[in-house]
Amino acid sequence: MQTQGTVFDDLARLMTGAMGVAQGVSEEAKTFVRTQADRFVADMDLVSRDEFEAMQEIVRDLRAKVAELEAKLER
């Protein structure tokens, strides 16, 4: 009977160790994917939200000025 208890204890320790290894591999995979995604986005040379909104405001102002100048030309 004592041997059976030892086998179950060993099996429990083995399973606990395997779960720890699996969690470690999972975290490494997440870190790798996150790093690759960050690198991919950086390589795309995207603009920030603030830069986009600033440019949007400039375009809005320019459109208003163009409309104003067109109205002056039509007079």
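The numbers here are math on the coordinates, done by the rules we state, and not lab data. Fair warning: this is a prediction, and the values are worked out from it, not measured in the lab. Here the Cβ is made from the backbone with ideal geometry for all residues, glycine too, and neighbour counts use every protein chain on show.
Between VAL21, THR6, LEU46, the Cα set farthest toward the positive side of the dipole of the chain (charges on each charged residue's Cβ, about the Cα centre) is that of LEU46.
Counting 0.36 nm for each residue step from LYS65 to THR35 and taking away their Cα separation leaves a gain of 6.4 nm.
Dipole magnitude for the range 1-71: computed about the Cα centre from +1 point charges on Lys and Arg Cβ and -1 point charges on Asp and Glu Cβ, it is near 300 debye. Apply 1/(1 + (r/R0)^6) to the Cβ-Cβ distance of VAL25 and ASP45, taking R0 = 25 Å, and write down the FRET efficiency to the nearest 0.05. Efficiency at R0 = 25 Å is approximately 0.15.
Helix content alone sets the calculated 222 nm mean residue ellipticity of the chain: runs of n ≥ 4 DSSP H residues at -39500 (n - 2.57) each, divided across all residues, give -33000 deg cm²/dmol. Please compute, over every Cα-Cα pair in the chain, the percentage with a separation greater than 19 angstrom. Of all Cα-Cα pairs in the chain, 71 percent lie more than 19 Å apart. Can you check what the net charge comes to around ALA54, using other residues whose Cβ is under 14 Å from the Cβ of ALA54 (Lys, Arg +1; Asp, Glu -1)? Within the 14 Å Cβ shell, the charges total -3. Note on the range 27-75: dipole from Cβ charges, positive end direction compared against MET55, GLN36, ALA67; the farthest Cα belongs to ALA67.
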